[in-house]
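Taking it in order: structure first as structure tokens, then the write-up.
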Amino acid sequence: CPSISTCVAVGNNGLILVTTDRGNTWESQTSGTDQYLLGVTCPHVSDCVTVGFSGTILSTTNGGITWKSQISSTIQDLNGIVCPRVSNCFTVGLNGTILYSRTALS
């Protein structure tokens, strides 16, 4: 959750849900994928990255109005992501996969 009122959740078949009212209501966003999404991080309210099956990485810089596919160097399932800063992200996945990106959000 990038703020006290805004949270993002991800799941099966490219599901992305966002709340901006502390979880009272959730709205679906179009991810552009049918892959299972397993992890999400939002270093800023408008900047988020999600990861999932088969090396899927998606990012948004406009609060989820659009999600863009990012190039991944793996086909391993990616389970989690953390971005201490908007431009520095660490991703972990199956079989010891660890990815680092300086420009995950673009």
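This model, with +1 at the C-beta of Lys and Arg and -1 at the C-beta of Asp and Glu, gives the chain a dipole about its Cα centre of some 260 debye.
Report in % the part of the accessible area of the chain that belongs to carbon and sulfur, leaving out ligands and nucleic acids; probe 1.4 Å.
On the way: 3070 of 5870 Å².
Summing carbon and sulfur atoms, their accessible area is 52 percent of the total for the chain.
Net charge in the neighbourhood of residue 53 (other residues with Cβ under 13 Å of its Cβ; Lys, Arg +1, Asp, Glu -1) is -2. Not counting ligands, DNA or RNA, and with a 1.4 Å probe, what is residue 36's accessible surface area in Å² rounded to the nearest 10? Its heavy atoms expose roughly 80 Å² to the probe. Estimated translational diffusion coefficient (Stokes-Einstein, Kirkwood radius over Cα pairs, 20 °C, 1.002 mPa s) of the stretch 25-82: 186 µm² per second.
Taking a probe of 1.4 Å, how large is the accessible area per residue of the chain, in Å²? Intermediate values should be presented prior to the final figure.
Working: 5870 Å² over 106 residues.
Counting only protein heavy atoms, the per-residue value for the chain is 55 Å².
Computing Rg and the Kirkwood Rh from the Cα coordinates of the chain gives a ratio, Rg/Rh, of 0.94.
The values are calculated or read from the model by the stated rules, or taken from the named source; none is laboratory data. This is a predicted model, so every value here is computed, not measured. FYI the Cβ positions are ideal-geometry reconstructions off the backbone, even for glycines, and counts take in every protein chain you see. Accessible surface is based on the protein model in full, side chains and every heavy atom, while ligands, DNA and RNA are left aside. Shrake-Rupley method; radii C 1.70, N 1.55, O 1.52, S 1.80 Å.
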